[in-house]
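The values are calculated or read from the model by the stated rules, or taken from the named source; none is laboratory data. Fair warning: this is a prediction, and the values are worked out from it, not measured in the lab. With ideal geometry, Cβ positions are generated from the backbone for all residues, glycine too; neighbour counts draw on all protein chains shown.
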Amino acid sequence: MSGWDEGPVYYSDQAAVLGDGGGDNTNSAAATASRDSVRSLFKEFIRGFKPNNVFRYRESLLQNPRSLQIDMEDLDGFNSDLTAFIRSSPADYLPLFESAAEEVLVSLRSKVPGETGEMEEPDVLPVQILLTSKEDHVSMRYLGAQYISKLVKISGITISASRIKAKSIRLKLVCKNCKNVKEVPCRPGLGGAIIPRSCDHVPQPGEEPCPLDPWIVIPDESKYVDLQTLKLQENPEDVPTGELPRNILLSVDRSLVQSIVPGTRLTVMGIYSTFQPSTSQRGAVAIRQSYIRVVGIEETNEASSRGAGSFTSEEQAETHIKRRMGIGNHISERKLIDELTRRGMNESIVRRALIIMHQRDEIEYKREGRTIFRKA
């Protein structure tokens, strides 16, 4: 019994717990893993994953620093615990994934000279993580309370798209009494911000205390992102006989905005969430409307869903160009190419499709070739 009073300190290496890749201890690992260890594993995956001796995600991040598309099968092969974390709590771990991608991007870029002549770290915009998977999709009819806050995959046809809105991600507040400034984060998707009812300023002797609800929003100093809502309807082949097709609301933001037009068949990965509609009845505070906060979109080719198709890449690009541009409309060539590349198309294929359409006299270049006008 000697040495019982030595007071040893026991610890566990969280990275080692997560690094074994075993799926049996997912619950225990999720309970003990720290945010820093999970972020370091995400950084290791982005920086070091190289199938066929190619750094797939590192090169993709350098080519497109605005978004990074992650294959869930690749992440599962690297570490199954990370995949389990994202599937069970995507709202908690996707921000860690995005912050890890930003840190990797900063480390990959070289320093630039600053205003004083010294070398400084380059400014990096936030990186959006987009998820894709080969798993089977879930029917809209089976989405229930058990899927709330979980990662789901559904498919359907887009029937409507809203205008772009400015969604605040951080609100800057000022107290109208003591002029105290405070920043409040907003919930992603269609969620709002929880504004405190009282000011945290401690009044001095003889000073008037701040009243209830003293905060005023400063719109010009708050931070925003682009937001758009879509409505997704069941595929006709998925609707049971005698039933009406169901639909669900989708929320897309940042790089996914204006990437989908109505009538497009989609396969969507997102977080099944709820929000309080503004037109809710009085007293129905416990009733919330469900929607999906999209974290990944794949456009389904109609030819592949109905049979073998023989369309070339240029013909598919022409179809997207004609959907984007109506007859008699004009658009900047750079803007059109950027929108189509955000949908996953190759820029060289889009340019070849524009050349073919120009040779057929379907489009015309104006303003020194910087603007495209569709003639037919």
#### Entry: Residue within the range 106-125 that is under 18 Å from the mean Cα position of the chain (by Cα) and either surrounded by 18 or more Cβ atoms within 10 Å (Cβ to Cβ) or modelled with pLDDT of 90 or more (or both) present
no
### Task
Quick one: GLY242 ticks every box in (1) loosely packed, with under 12 Cβ neighbours inside 10 Å; (2) of a type in the set (Gly, Ala, Ser); (3) under 33 Å from the mean Cα position of the chain (by Cα) except a single one, so which number is it?
(3)
### Query
Among (1) within 27 Å of SER259 (Cα to Cα); (2) not in a loop (DSSP other than H, G, I, E, B), where does VAL174 come up short?
(1)
### Query
Which of the following residues is part of a loop (DSSP other than H, G, I, E, B) and at pLDDT 80 or above: VAL252, VAL285, VAL261?
VAL261
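Determine whether SER310 is modelled with pLDDT under 85 and hydroxyl-bearing (Ser, Thr, Tyr). Explain how you work it out, then say what you get.
Details: modelled with pLDDT under 85: yes; hydroxyl-bearing (Ser, Thr, Tyr): yes.
Yes; evaluated as a whole, the condition is true for this residue.
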### Message
Checking the structure you have, find out if any residue of the range 351-358 is touching a strand residue (DSSP E or B) at 6+ places or on another chain (Cβ under 9 Å) and closer than 11 Å to GLU318 by Cβ.
### Response
yes
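Which ones in the range 320-334 are assigned to a helix (DSSP H, G or I) and surrounded by 12 or more Cβ atoms within 10 Å (Cβ to Cβ)?
Looking only at the range 320-334, we keep the residues that are assigned to a helix (DSSP H, G or I), and these are 320-324, 333-334.
Hits for the range 320-334 are HIS320, ILE321, LYS322, ARG323, ARG324, GLU333.
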### Message
From the list GLU208, GLU234, GLU221, exactly one residue is surrounded by fewer than 12 Cβ atoms within 10 Å (Cβ to Cβ), over 21 Å from LEU131 (Cβ atoms), of a type in the set (D, E, K, R) and not assigned by TED's automatic domain parsing to the domain that holds ALA91. Which is it?
### Response
GLU208
